[in-house]
Amino acid sequence: MSIHVAITRRVRAGCEAEFQQALREFFQTSFGHSGVMGASLLVPPPGSDAREYGILRTFRNEEERDAFYESPMFKTWDERAKTMTEGEPVYRRLDGLEAWFRSPGPPPPRWKMALLTWLAVWPVSMIVSALFAPLFGQLVPKFIFAGVVAGGIVIVLTWAAMPLLVRIARPWLHGPSPQSDKPGDR
C-alpha cells in the first residue's frame with residue numbers, strides 16, 4: 001500500500017523562483033531512491049501574495065518513506081531548503097478519503113468524486129453487511145451491528161475499493177495528462 005505525504009513550506013519573500021528550481025532538481029535526484037513513487041509541487045496562484053508551497057510525495061511503503069527521510073540525500077536537501085524557507089515544514093500523512101483523489105494537478109470535480117465514492121460504497125455496503133449478518137447480526141444490538149458494518153465498509157473502501165477504482169477511473173477523473181504521476185517531496 002503506497003504512502004502519501006503532504007508537506008507545506010513557507011518560502012522566504014524573493015526566494016520563490018530559487019526554491020522552485022532547487023525543488024525540481026531535488027525531485028529528479030530523489031527519483032533515484034527506490035521507494036519514491038511520485039512527487040508533485042503545488043504553487044500559490046499567479047498574482048497571489050501567498051508564499052505557502054505544497055509538496056506531495058508518494059512512497060512504496062512506510063519503510064521506504066522512513067529510509068528516504070533518514071537518507072543523506074534528503075538531509076542535504078532539507079538543509080538547503082531551510083536557507084530559502086521560513087519556519088519548519090509541516091508534514092502530514094494523507095490517509096483515507098483525502099488520499100483517494102490525490103493528484104499532482106487540481107482535484108477532480110466534486111460530482112465525479114461523489115459519484116465514484118457512491119459506486120464503491122453501494123456494493124461494498126451490501127457485501128460487508130451480508131458477510132457480517134450471519135456471524136453476529138442477531139447476537140448484538142442493531143446499533144452495534146450497524147457500527148461494525150460501517151467500520152468494515154470504511155476499511156474495505158480505504159485499503160481496497162477506492163484505491164482500485166481511482167486508479168481505474170483516473171483518466172475520467174482528471175482527464176488525459178502526459179505525466180499524471182510524478183514523485184513528491186517531504
Förster-model FRET efficiency, 45 Å R0, S125 and Y91, C-beta, rounded to 0.05:
0.85
Under the definition of Cα pairs under 8 Å and six or more residues apart, what whole-number percent is the relative contact order of the chain?
34
Just read off the accessible area of T8 with the full protein assembly in place, 1.4 Å probe, to the nearest 10 Å².
50
Hey, rough spin-label estimate for F132 and R24, points 7 angstrom out along Cα→Cβ, what's it come to in nanometres?
5.0
Length gain on complete extension for the stretch K112 to E63, per 0.36 nm per residue less the alpha carbon to alpha carbon distance?
14.3 nm
Quick check for you: with a 1.4 Å probe and neighbouring chains kept, what is the accessible area per residue of the stretch 1-103, in Å²?
52
Report the calculated FRET efficiency for A160 and E79 (r = Cβ-Cβ distance, R0 = 45 Å), to the nearest 0.05.
0.70
Select from V140, V148, V36 the residue whose mean-square fluctuation is largest in a Gaussian network model of the chain (Cα-Cα springs shorter than 10 Å).
V140
Measuring from the longest principal axis of the C-alpha atoms of the chain, the long axis of helix 110-136 (C-alpha) lies at a number of degrees, nearest 10, equal to 40
Against the 2.2 N^0.38 Å scaling, with N counting residues, where does the chain land? I'd like the Cα-based Rg ratio to two decimal places.
1.25
If D78, D49, D66 are ordered by their accessible area, calculated over protein heavy atoms with a 1.4 Å probe, which sequence runs from highest to lowest?
D49, D66, D78
Could you give each residue of the stretch 29-45 its phi-based ³J(HN,Hα) in whole Hz, using Karplus coefficients 6.51, -1.76, 1.60 with θ = phi - 60°, and x for Gly or Pro?
5, 5, 5, x, 6, 4, x, 7, 10, x, 8, 9, 10, 10, 9, x, x
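The values are calculated or read from the model by the stated rules, or taken from the named source; none is laboratory data. Source: prediction; values computed, not measured. Cβ coordinates were reconstructed from backbone atoms using ideal geometry, including for glycine residues, and neighbour counts include every protein chain displayed. When the accessible area is computed, the model is the full protein with side chains, heavy atoms only, and any ligands, DNA or RNA have been set aside. Shrake-Rupley method; radii C 1.70, N 1.55, O 1.52, S 1.80 Å.
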